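What follows is a single structure, written as structure tokens, with notes after it.
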Amino acid sequence: MSAATATADPVEAHPGRTARRPARARARRANLTGWGFVAPATAVVLGLSAFPAVWAFILSLQDWNGFGTAEPVGLENYSAMVSDAELHAAVTHTVVYTALFVPASVLLGLLLAVLLNRRIVLIGVYRTLIFLPFVASAAATGILTTYLFNPQFGLVNNVLRVVGLPQQGWLEDPAQAMVVITLMSLWGQAAFTTVIYLAALQDIPAELTEAARIDGANRWQAFWHVTFPQLAPVTVFVAIWQTISAIQLFDLVYTTTRGGPLKATETIVYYLWSAAFKDLELGYASAVAYGLFAVTLLITIAVTLYSRRTKVGAF
Amino acid sequence: MPIPHRRRAAFGTLTLLAAATTLAACTSSPQGATTLDTEADVTLTWWTGQADAAQTILEGLAQEFEDEHPNVTIDISSGAPSTEDLLQKLSASFAGGTYPDVSYAFGSWASELADSGRTLDLTEQVADPEVGWEEFSGAARQTAQPTGDVTIGFPAVVDNLSLIYNTTVFDAAGVDYPTEDWTWEDFREAAKQLTDPSTNTYGYAYSVSGTEETTWQFWPHLWQRGGEILSDDGTTATFNSEAGVEALTFLRDMAVEDKSVYLDQTDTKFTQLFASDRIGMVTSGPWTLYDLGVAGTSYGVVQLPGVDGVHTTVSGPDLWVLFDHEDVNRAYWSYELIRWLTDAEQDVRWNVEYGNLPLRAAEIDTPEFAAQVEAMPGLDVMAANGVNATEPRPTVAGYVKVSEAVGTAISQVLQGQGEPQEALDTAAAQATAELADQ
């Protein structure tokens, strides 16, 4: 095909004769060129996203340990999820984490953005400092967490000891571990919501607030009735974004507690990772992954529809 | 420089073609040799699962083998960022058809690998008296023959658990050092005396991560009391017997009542704390001695405490697994390479040189081993402790799930949640169900 195309247009070397070239051949050549450009990217996307996704779906209908022969089991993996107590516990942990993390990161982001959205000395330094933890990898954050919150030798308990408060188990106490993980991921992730809110705040014309102030609104009223409604689309966006990243929590758990103590911090993604790579139940783990995918998709669709109907316009 | 249009079109088509060929190449595999020709050129891929100094030693040996046999090229690499990741890597390489000729493998993977149908069977070759197969420890041989019918490789590294004590902590508390004749009651008493909450010092440390680290530390307690992990036919979990309950009760009493045990959630922290004189005793293997040497900790090594004079320990033999590429030349040279490597003459320059235990008992008398003991005191005690590794860990498929069920039960009980009998019964029921699933 390429040879035919090439011989059909001896035009390139003689630009003056362009007009005589048949339009169909030109269109076909343009098409091919276009495909040539997108082919590498398409191959990457198909190879690294679509192909694994399809394969994972096929796996989810099989019983396979990664080595022996895979046995087709139909929807058995999916029905096993219904009665899997450990999975249900992992779902609960994930929901608890999401409920703690999402509102906190949105509020904290908003607060920090408002504080940083002013002209004061060294503002650039403050903004950089707030953003810095976001750049640190979750692995580094995790290792830092284990040092800070070690019950026997950690800094936090040392501080408590100095001020005379009782020692805490932190990451080794099943009741506190999830809270500590939430705190540490807030430390890293609040920067993200801050940056988004900061950008949104700077898009709001100053005249609006000024007008409200002239009309007699106090600062809080001006913020709550004028500025905040303008931030609604951004709020919807960061809430969805943070929810999706919260239900996919894995790295911080992996580097701190490995799902412990007593599986109190085992999230859905950690559970499916351990099902796949520790228990070698690749089929079941794929089914859990598809379950998680369905939930994420539903949340996104629901919120998108809602925001379209109410004209918040986040998407 | 802009590319002329015509060439661009051709370039685009070429890219598509290239992408298609690459995809096609993933599924095709070349036909292997069917008649043995030991002079033919072969290239072997060898995943060592090692890093740093260990990898350097093996690379040197591979080079030596290549020099001796010029028609053999060895493509040697770690295979994965950590030994644990090799399992994932092997699974992926089977799917892609690009698996190695030889790979390091943890003993606990043996059944799964044998199950893959991609391993060579060396049973006939290792029957040759020249190989000296009987010189490997029983546990190591059994792991290389996970199903009993096929031999999937050679023992690569052997180890066992011994009692390592920190002399600085013992001296500070004025407690006598452990001896060979210690019972677990002596052990418990010493741990209690070493523990000092005001300085955050603990007598003993136990992993409660719920992994195999948690589980295998428990097996000596079970075996010494006469218990068994599984029934003889390997279908029923029997670790919840009276012996198991007694063993777990003993550990629970130390952790919960005496509070003399540092409960480690991570598997790694207790070695560091031991090295910095915060923990008096750990039960661990040769790899710990290396870390202690680096940290400059003063320590001693003795066999595990016992029950009625029985000091059974647990051993975790790892393997060199050989894979089948339906090519007799590659199979021949893979076997020759690993047989050569695990020979006493080479093993003193690899395992002994690196600080692992010798694979074969005969190496204990070599000057190389004596030099290593000089550098890592206690290594000789650990090597001698090999005779106490009489019980193999189960090699049935599904051991990983048995291990997980037990690990969870132990972690719960040591952290004060649940009773030994109840927790072990639950774990046994779960393990039996998992075994039936296989």
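Odds and ends about this structure:
- Per residue, the accessible area of the stretch A:77-309 comes to 51 Å², computed with a 1.4 Å probe over protein heavy atoms only.
- Signed unit charges on C-beta, dipole axis of the protein assembly as shown, positive-most listed residue B:GLN224, B:TYR202, A:THR193: A:THR193
- Residues with amide H under 5 Å from that of B:ALA156, placed H, sequence gap 5 or more: B:ASP318, B:LEU319, B:TRP320
- Stokes-Einstein D (µm²/s) once Rh is taken as the Kirkwood radius of chain B over alpha-carbon pairs, at 10 °C in 1.306 mPa s: 67 µm²/s
- Using a Förster distance of 51 Å, the FRET efficiency for B:ALA375-A:GLU210 (Cβ separation, nearest 0.05): 0.10
- Relative contact order for the stretch A:77-309, counting Cα pairs under 8 Å that sit 6 or more residues apart, in percent: 29 percent
- With θ taken as phi - 60° and the Karplus curve 6.51 cos²θ - 1.76 cosθ + 1.60 applied, the whole-hertz 3J(HN,Hα) list for the stretch A:196-205 is 5, 5, 4, 4, 5, 4, 6, 7, 7, x Hz, x standing for glycine and proline.
- Residue-normalised accessible area of chain B, given per residue in Å² at a 1.4 Å probe: 42 Å²
- Each of A:MET178, A:THR235, A:HIS93 was scored by the projection of its Cα onto the charge dipole of chain A, and the greatest displacement toward the positive side belongs to A:THR235; charges sit on the C-beta of Lys, Arg, Asp and Glu.
- Principal axis analysis of the Cα atoms in the stretch A:88-163 yields extents of 45, 36, 27 Å, listed in decreasing size.
- The H on the amide N of A:GLN62, modeled in the peptide plane, is under 5 Å from the matching H of A:VAL73, each at least 5 residues off or on a different chain.
- Stokes-Einstein D (µm²/s) once Rh is taken as the Kirkwood radius of the stretch A:228-283 over alpha-carbon pairs, at 25 °C in 0.890 mPa s: 189 µm²/s
- The gain in end-to-end length when the A:TRP187 to A:ILE120 segment is fully stretched comes to 21.8 nm, 0.36 nm per residue minus the alpha carbon separation.
- Helical content alone sets the calculated 222 nm signal of chain A at -21500 deg cm²/dmol, taking -39,500 (n - 2.57) per DSSP H segment of four or more residues and averaging over every residue.
- Burial of 20 Å² or greater, the stretch A:277-293 residues [accessible area, probe 1.4 Å, versus chain by itself]: A:PHE277, A:LYS278, A:ASP279, A:LEU280, A:GLU281
- Computing Rg and the Kirkwood Rh from the Cα coordinates of chain A gives a ratio, Rg/Rh, of 1.11.
- Net +/- balance of residues flanking B:ARG141 in space, Cβ distance below 11 Å, scoring K and R +1, D and E -1: -2
- In this Cβ point-charge picture (+1 for Lys and Arg, -1 for Asp and Glu), chain A has a dipole of about 1620 debye about its Cα centre.
- 3J(HN,Hα) along the stretch A:285-296, derived from phi through the Karplus expression 6.51 cos²θ - 1.76 cosθ + 1.60 where θ = phi - 60°, amounts to 4, 5, 5, 4, 4, 5, x, 5, 4, 4, 5, 4 Hz, with x in place of Gly and Pro.
- The modelled label-to-label distance for the pair B:GLU228/A:PHE134, using points 7 Å beyond Cα in the direction of Cβ, is 6.1 nm.
- Amide H partners (placed H, <5 Å) of B:LEU120, local residues excluded: B:LEU322, B:PHE323, B:ASP324
- Between B and A, roughly 3200 Å² of accessible area is buried in total, ligands, DNA and RNA not counted and the probe set to 1.4 Å.
- Estimated vicinal HN-Hα couplings, Hz - the stretch A:304-310 in sequence order (Karplus 6.51, -1.76, 1.60; Gly, Pro = x): 4, 4, 4, 6, 5, 5, 8
- Whichever lysines have a C-alpha closer than 30 Å to that of B:LYS269, once near sequence neighbours (fewer than 8 apart) are set aside: A:LYS263, A:LYS278, B:LYS89, B:LYS192, B:LYS259, B:LYS401
- Ordering A:GLY260, A:SER105, A:TYR126 by the projection of their Cα atoms onto the charge dipole of the stretch A:77-309, which places +1 on the Cβ of Lys and Arg and -1 on the Cβ of Asp and Glu, puts A:TYR126 at the extreme positive end.
- Separation between Cα centres of the stretch A:49-80 and the stretch B:108-169, rounded to whole Å: 32 Å
- The protein assembly as shown, accessible surface, carbon-and-sulfur percent (1.4 angstrom probe): 60 percent
- Dipole in debye (nearest 20) - chain B, about Cα centre, beta carbon charges: Lys, Arg +1; Asp, Glu -1: 1920 debye
- Residues of the stretch B:61-99 that lose at least 40 Å² of accessible area (1.4 Å probe, protein heavy atoms only) when the other protein chains are present, relative to their chain alone, are B:LEU87, B:GLN88, B:SER91.
- Working note: Debye formula, equal point scatterers on the alpha-carbon atoms of the protein assembly as shown, no solvent; log10 I(q)/I(0) at q = 0.08, 0.10, 0.11 Å⁻¹ is -0.83, -1.17, -1.31.
- The calculated FRET efficiency for A:ARG161 paired with B:GLU246, based on their beta-carbon distance and R0 = 35 Å, is about 0.35.
- For the stretch A:60-102, fraction of C-alpha pairs farther apart than 14 Å, in %: 62 percent
- Expressed as a fraction of 2.2 N^0.38 Å, the value expected for a compact globular protein of N residues, the C-alpha radius of gyration of the stretch A:128-238 is 1.52.
The values are calculated or read from the model by the stated rules, or taken from the named source; none is laboratory data. Since this is a predicted model, take the numbers as computed values, not measurements. For neighbour counting, all protein chains shown are included, and Cβ atoms are generated from backbone atoms with ideal geometry for every residue, glycine included. Remember, those area values only see protein heavy atoms, side chains included, never the ligands or the DNA or RNA. Shrake-Rupley method; radii C 1.70, N 1.55, O 1.52, S 1.80 Å.
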